[in-house]
Amino acid sequence: MNSLSLFKRASRCFDDYPSLAKLVVVCTISGGCYVAYADANGTGGAPPVLEEIKKKKVVVLGTGWAGTSFLKKLNNPSFDVQVISPRNYFAFTPLLPSVTCGTVEARSIVEPIRSIVRKKSIDISFWEAECFKIEAENKKVHCRPNSESSKNGKEEFVVDYDYLIIAMGARPNTFNTPGVVENCNFLKEVEDAQQIRQSVINSFEKASLPTFSDEERKRILHFVVVGGGPTGVEFAAELHDFVNEDLVKLYSAAKGFVKITLLEASDHILNVFDKRITAFAEEKFQRDGIDVKLGSMVVKVSDKEISTKVRGNDGEITTIPYGMVVWSTGNGTHPVIKDFMQQIGQSNRRALATDEWLRVEGCSTIYALGDCATVNQRKVMEDIAAIFKKADKDNSGTLTVKEFREVIKDICERYPQVELYLKNKKMRDIVDLLKMAKGDVAKEAIELNIEEFKKALSEVDSQMKNLPATAQVAAQQGTYLANCFNRMEEAEKNPEGPIRFREEGRHRFHPFRYKHFGQFAPLGGEQTAAQLPGDWVSIGQSSQWLWYSVYASKLVSWRTRVLVISDWTRRFVFGRDSSGI
C-alpha cells in the first residue's frame, strides 16, 4: 500500500465518522517526517495537507575527547549529525607517552569512530576530511578530503549546518621558535608517538655502528625534552625506564653514552601540581640521572644543536648537541580557527572565547569545546547593577538579607567565583560577606545600598581562572553539551537555568561547570604522583596502581581495555617491545 492510498483512506474516515474531532498521522520517510493533519467537521473537505518537518543538521568537527564524548551521549532523534575529522578514530591521549616506548601499542589506545556511532540509534554519519574554512554568516563549512582518501587531495566540498560543534583540539605551540617545526618531534597524535618510538630505536642502532666516535655517540644518544608539563615529564620518565630496563641490555655498546635532558622555561616542572609533587619529581629525576634545566628558554633548534637562553645568566646563549628533541610546550591554534576568530572579532585571543554554555561569543548556533576554546566566565562587577535591581524586588534602593538570599542560588550558579571566594575566605554564608561590607551590624538588620553592595563583591572576580587544557575538561564539556541537545525542545518550553539578571525569565540550561576528579603524573620506576580532590596527594607505587586502574576504566570500550591490560602484562613479563615497528 503506498502512502497516497493510506492518506485517502484516512480522509474517507473523517467523512464517515464526523465524531472524530482531529486526527494526526505521522510517517517517517528517508530521515525526515511528514505530518498529515485534518480537522474532521463532517463536511467532506479537501484532502490532508502534507508538511515536511526536517531534522536540524548538526556538524561536529573533530573526533577527540570533546567531540567523541558529545557523540557518545547524544540521543535526540530530532538531529541529523554529520561528523567531519581528518582521522577516523578516537585516541586515548593520556597513554601516548607509553606508546613512544613500547609499553603500550598504538592500536590498543584507539577506537574507530564508526564503531562508536554505529551503536547509536540516531542518524550519525562520518566523513574523513579536513575543515579548512568556517563561514559563520552563511552557516557553511568548507572541507577537503585527506590526501590519502582521494587521488589528488584537492576535491573540496561544502557542508551546511544548523548547529556547528567545533572540537578540533589544538596543535603544538612552537612560539615561532626557529627550527622547531623542521627538527623537533611533537607528541599530540598517535602518529607522533609512533615516529618518536622509531626515532629512539634508530638512534640506538645508529650509535651501535663502528663508524662513529664516542663524541658522536654521545650526541646521537642525547635525548632532549622541551617542556616540563605533565606530557614532557611523563615522556622523560617513560624514556628513562625504556633505556635502563630494556635497551641497554640489547645495545651494550651504547651503554654509558645515553643522556636525557629536560628543559623548562619556568622555575619548576609540573607547575600545575601541588608543590609537594613538584619537589618529589625534581628530586626523583635528579636521582635517576635525568638532567633537569630550569629557567632554560629555547631560542633556536638546528639539525644537531639546540640553543637555550638561561634566565639570570645575562642573556648568554648556550648550545647543546642532541640526537632527538621532543617538543612539548603547550597548545597552539589551528589555522582554520585563527581565520574564524578574525571573522568574528576574536583575533587577539589564543583560543575561541565561549560563554558558560559553550556557545562561541557572537555566534548563537556555534559551539566550541576542548583545547580549541576557553570559557569566558562573565564577571560579577559587569552585572552588579542588574543583580542589585533584580534582587531589590520592592524597589526600595536597599537590599536586605532576605532579598539577597532569594537570589543567591542563581548568583552562585551564574557566577561561580562568588562561591569560590566564600570558600577561600572561609566564610560560612553569603551574609558574612555582606556583614563584612556593612560593618558590625546584626545579620538580620543588614541593608546595603548599591555602593555597599559593590564593595561587598568587589574582590570576587579575582578568583576567576581559566580551565586547564586537559582531556578531563574536554570530555566533560562534550557530555554537558550532548545533554543540552538532548533536552533542547523541553528546555525551550521550560527553561531550567539561573535567572537572567539583565533580561526577564531564566536561561535555557544550567551553565557548564567543570568538576575536577584529580590528576596523575607518572614519574617512572613504578612511581606515580596523584593529586586528588580535597588537596589529597599520594606519591609512590600505590599511586601507580591507582593510575593503572583509573586509566583502564576510562578507556572507551572493552576492546581497548583488554588490549591495554594485555600490553601492561606483556611488559611486566617480557619487557617493552624494542623492534620499533
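The values are calculated or read from the model by the stated rules, or taken from the named source; none is laboratory data. Not measured: the values here are computed from a predicted model. Methodologically, a virtual Cβ is constructed for each residue, glycine included, from the backbone with ideal geometry; neighbour enumeration extends over all protein chains shown. In case anyone asks, the SASA skips ligands and DNA or RNA and just uses the protein heavy atoms, side chains included. Shrake-Rupley method; radii C 1.70, N 1.55, O 1.52, S 1.80 Å.
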- Task: Report, for the chain, the % of DSSP beta bridges that are antiparallel, rounded to 5.
- Result: 60 percent
- If ligands, DNA and RNA are left out, what is the accessible area of residue 113 with a 1.4 Å probe, given in Å² to the nearest 10? 0 Å²
- Task: Roll a 1.4 Å probe over the protein chains and send me the accessible area per residue for the chain in Å².
- Result: 51 Å²
- Relative to the compact-globule scaling 2.2 N^0.38 Å, provide the ratio for the alpha-carbon radius of gyration of the stretch 256-366. 1.48
- Message: Multiplying the sequence separation of residue 382 and residue 579 by 0.36 nm and subtracting their Cα-Cα distance, what value in nm do you get?
- Response: 65.0 nm
- Message: Quick check: residue separation of residue 252 and residue 331 times 0.36 nm, minus the Cα distance between them. What number comes out in nm?
- Response: 24.6 nm
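What's the extension gain from residue 318 to residue 487 if we count 0.36 nm per residue and subtract their Cα-Cα distance? Present the calculation step by step, with values, prior to reporting the outcome.
Working: separation 169, 0.36 × 169 = 60.84 nm, distance 5.82 nm.
Contour length minus Cα-Cα distance gives 55.0 nm.
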- Task: Just report the Cα centroid separation between the stretch 478-536 and the stretch 179-239, whole Å.
- Result: 38 Å
- Taking a ≥ b ≥ c as the square roots of the eigenvalues of the Cα gyration tensor, with a/c under 1.5 meaning rounded and otherwise prolate when a/b exceeds b/c and oblate if not, the chain is oblate
- Task: Run the accessible area of the chain with a 1.4 Å probe and give the carbon-and-sulfur part as a rounded percent.
- Result: 50 percent
- Please give the FRET efficiency for residue 538 paired with residue 393, using the beta carbon to beta carbon distance and R0 = 51 Å, rounded to the nearest 0.05. 0.55
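What is the stretch 164-317 by shape, rounded, prolate or oblate, if you read a ≥ b ≥ c off the alpha carbon gyration tensor as root eigenvalues and call it rounded for a/c under 1.5, prolate for a/b larger than b/c, and oblate otherwise? The partial results should precede the final answer.
Numbers: a/c = 1.40, a/b = 1.29, b/c = 1.08.
Here the stretch 164-317 falls in the rounded category.
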- Task: Return the FRET efficiency for the residue pair residue 506, residue 155: r is the Cβ-Cβ distance, R0 is 30 Å, and the value is rounded to the nearest 0.05.
- Result: 0.05
- Task: Return the Cα extents of the stretch 474-581 along principal axes one, two and three, sorted largest first, each rounded to a whole Å.
- Result: 66, 33, 21
